[in-house]
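The structure appears right after this line, and notes come after that.
Every read-out reported here was derived from the displayed coordinates using simple, explicitly stated rules and does not represent laboratory data. Since we're looking at a predicted model, the values are computed, not measured. Using ideal geometry, Cβ is built from the backbone for each residue, glycine included, and neighbour counts are taken over all protein chains shown.
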Amino acid sequence: MKIDSHHHFWKFNTVEYGWIDDAMKILQKDYFPVHLIPELKKEDFEGSVVVQARQSLEETKGLLQMADDYQWIKGVVGWVDLCATDIDNQLADLSKNKKLVGVRHVIHDETDDRFMLRDDFRYGISCLKKYDLAYDLLLFPKHLGFAATLVAEFRDQRFVIDHISKPLIGKGILEPWESEMRLLAQFPNVWCKLSGMVTEAVWDDWNEKTFEPYLDVVFDAFGPDRLMIGSDWPVCLLGGTYSEVISIVKNYIAKCDTETQNKILGENCCQFYKLYSNS
């Protein structure tokens, strides 16, 4: 299957999506499955993984309901309070729905850069393996060192870095992002999503070559078996259309053999999130 490994749905309101300001007017509306279907078909994607956009159990349950209603939604990366004392109960309840394939916390919005190393958060991470759930690392480059400490502690836990950890593409800066991504890539339990890049570039002033230095790094560091394509739709619309964003990766891997292309366009995502068992 060809799979978009990363997108969102939301019913827009200014309270829950306060980060969407007037500079992001294109995002100030509802985005639901009916809006994504034509984009997926245009790019020959057979399915997708939807990822949480707000930190509420209500949203997680709503996404799981959508996944039940639309079979092409192959998996949900939801939010749970990993710091809660009843985290095990939360996971046990939500995991009754097999479309829950992972969990994410908006680490990069926490005021404490070391948030992921808190004892209660780490305990929450320790509970994920019991329910066979992956964890999405939503980070800024400044968090990569702390992430390395976390994944070193939980070597049996599957982790994936969202949006290649949001390097400073708009400024053309590679270091120290490159060195720390290479360090993190040394852990075989860490994968990486080729997503979210256009929003880190200058939105109205980029071309596909803009991203090549960053793609070169992650391809060399992670190799073709631990990378997966993702749109980050609708957030990606800040910098380009769905097809334009997907084409960045598709055109970059056009030089690769068919097996490698198929891995990055879907097979790796299916393996990482174990989507085959949910079809």
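Put a plus charge on the Cβ of each Lys and Arg, a minus charge on the Cβ of each Asp and Glu, and nothing anywhere else: the dipole of the range 9-127 about its Cα centre is then about 380 debye. Placing pseudo-labels 7 Å out from each Cα toward the beta carbon at D119 and M66 gives an inter-label distance of 3.8 nm.
Residues W233, W203, W10, ranked from the fewest to the most other C-beta atoms within 10 Å, line up as W203, W10, W233. Ordering L174, L40 from the fewest to the most neighbouring beta carbons within 10 Å gives L174, L40.
Beyond 23 Å in Cα-Cα separation lie the following of the pairs K2/K274; K41/K166; K142/K171; K74/K130; K11/K61: K41/K166. Under 1.5 on a/c is rounded, so check that first for the chain, then, if it is not, pick prolate when a/b is larger than b/c and oblate when it is not; a ≥ b ≥ c are the square roots of the alpha carbon gyration tensor eigenvalues. It is rounded, given that a/c, with a ≥ b ≥ c, falls under 1.5. Take every DSSP beta bridge whose two residues both sit in the chain; close to 5 percent of them are antiparallel.
Here K29 and R155 are evaluated by their C-beta separation; at R0 = 35 Å the FRET efficiency comes out at 0.25.
Taken about its Cα centre, the chain carries a charge dipole of roughly 560 debye when the Cβ of each Lys and Arg holds +1 and the Cβ of each Asp and Glu holds -1.
Report the calculated FRET efficiency for K142 and K274 (r = Cβ-Cβ distance, R0 = 35 Å), to the nearest 0.05. About 0.65, to the nearest 0.05. For the range 212-279 versus the range 151-195, the spacing of their alpha-carbon centroids is 15 Å.
Computed extension length for E244-D109: 45.8 nm, one decimal, from 0.36 nm per residue of separation with the Cα-Cα distance subtracted. Under 1.5 on a/c is rounded, so check that first for the range 1-137, then, if it is not, pick prolate when a/b is larger than b/c and oblate when it is not; a ≥ b ≥ c are the square roots of the alpha carbon gyration tensor eigenvalues. Note, shape of the range 1-137 comes out oblate.
By DSSP, the beta bridges lying fully in the range 1-104 are antiparallel in about 10 percent of cases.
Going from the fewest other Cβ atoms within 10 Å to the most, the residues M1, M197 appear in the order M1, M197. Secondary-structure-derived ellipticity at 222 nm for the chain, considering helices only, amounts to -9500 deg cm²/dmol, per-run term -39500 (n - 2.57) for DSSP H runs with n ≥ 4.
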